[in-house]
């Protein structure tokens with residue numbers, strides 16, 4: 001029974017045969033035409049390349065020995081073309097020479113046929129490579145669909161991660177978020193709380209890709225829903241942890257740091273759930289301290305308890321909240337950027353305005369280890385008091 005002429009069928013495919021032998025081209029055309037395939041002929045490599053420029057083909061058969069441009073030369077130019085679809089190539093040769101086969105495979109041939117051609121072998125090898133092309137094209141289309149969906153997910157994620165914090169007068173807040181892929185597992189957010197207080201969270205989900213992004217989105221929702229109902233940072237994290245235990249798999253958890261700024265007494269209250277320690281710069285003394293409390297990752301245990309601390313803030317102070325994509329950024333010399341380098345950067349540049357501070361930090365990180373090759377998402381918030 002003939003296969004239906006569909007996207008997944010090998011019937012009705014277009015074949016380019018390149019050979020200076022009219023007889024050999026006739027054998028290929030006569031054999032494959034009976035399988036309802038369209039055959040286009042070329043007499044040498046240059047004519048074959050021109051045919052490829054003007055039409056679409058599913059497979060190429062090319063002789064090795066030809067005038068002007070032989071089969072090896074054709075293959076080199078054919079494989080060097082940019083943006084081309086996957087088109088398998090069968091080299092036809094009159095010599096069963098191992099060195100020629102090795103050279104052919106090296107420059108990009110997918111199979112060989114020995115001349116004079118055997119019709120049954122010709123049909124078998126052509127069908128085999130066409131089935132390979134069909135499978136390749138189907139996988140390629142599925143991959144493109146996934147990429148389109150990931151791009152859409154990226155837009156949604158960029159929408160839910162805030163970029164503008166101008167609705168908060170004090171502290172002055174700026175942030176940056178650089179996922180390593182289309183979507184990432186880091187998050188930060190800001191909340192207006194009752195009595196003029198401000199809540200801030202930064203968090204990091206284990207792993208990358210779609211699962212981490214889904215956990216991130218759910219976590220952000222939980223913080224948004226419950227932030228206004230809990231005046232204590234440790235109580236909020238306990239509630240979020242309890243909720244996350246209901247939907248997280250055993251392989252996922254979340255590190256998080258949550259703080260509340262109270263403008264009435266110029267105090268920040270904070271809780272750290274296993275997250276990278278934020279760094280606080282005291283403008284009056286020029287010293288940097290790391291903020292930390294007791295508490296495990298979110299989603300690890302139902303019984304976990306969280307600590308809470310408070311710190312008075314003054315004009316000229318600065319705080320940076322960040323994910324470990326910064327401190328674990330590794331240079332070509334296999335050094336981590338580390339907390340101490342970040343503390344030094346904060347100490348040297350604490351007086352910079354928010355946007356300039358953020359841009360300079362990214363520039364220094366990129367100089368330390370090119371960010372294009374980083375292995376983790378990067379997110380941070382800068383708070384000026």
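Values quoted throughout were computed directly from the atomic coordinates according to the rules given, and no laboratory measurement underlies them. Just so it is clear, the model here is predicted, and its values are computed rather than measured. Here Cβ is always computed from backbone atoms with ideal geometry, including for glycine, and neighbour counts include all displayed protein chains.
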For the chain, calculated [θ]222 nm from helices alone, where every DSSP H run of n ≥ 4 adds -39500 (n - 2.57)
-12000 deg cm²/dmol
Which of 323, 206, 106 ends up with the largest GNM mean-square fluctuation for the chain, with Cα atoms connected below 10 Å?
106
Give me the distance between the Cα centres of segment 250-285 and segment 216-247, rounded to whole Å.
15 Å
Quick one: length gained pulling residue 247 to residue 367 fully straight, 0.36 nm per residue minus the C-alpha distance?
39.2 nm
Compare 310, 42, 256 in a GNM of the chain, Cα atoms joined below 10 Å, and give the one with the largest fluctuation.
42
If contacts are Cα pairs under 8 angstrom and at least 6 residues apart, what is the relative contact order of the chain in percent?
12 percent
Please list 50-59, 109-118 highest first by mean number of surrounding beta-carbon atoms within 10 Å per residue.
109-118, 50-59
Grab the beta carbon distance between residue 86 and residue 287, set R0 = 41 Å, and tell me the FRET efficiency rounded to 0.05.
0.10
Starting from 0.36 nm per residue, how many nanometres of slack lie between residue 68 and residue 294 once their C-alpha separation is accounted for?
73.7 nm
Calculate how steeply helix 45-54 sits against the longest principal axis of the alpha-carbon atoms of the chain, using the helix alpha-carbon long axis, and give the answer as 0 to 90 degrees to the nearest 10.
60 degrees
Quick check: residue separation of residue 99 and residue 139 times 0.36 nm, minus the Cα distance between them. What number comes out in nm?
11.1 nm
Labelled set (i) 25.4; (ii) 21.7; (iii) 27.4; Kirkwood radius over Cα pairs in Å computed from this model equals the value at (i)
With a ≥ b ≥ c taken as the square roots of the eigenvalues of the C-alpha gyration tensor of segment 161-384, please select rounded if a/c is under 1.5 and otherwise prolate if a/b is larger than b/c or oblate if it is not?
oblate
Segment 86-139 and segment 15-33 have their Cα centres apart by a whole-number Å value of 14 Å
Once the Cβ-Cβ distance between residue 309 and residue 38 is put in as r, and R0 is 56 Å, what FRET efficiency do you end up with, to the nearest 0.05?
0.15
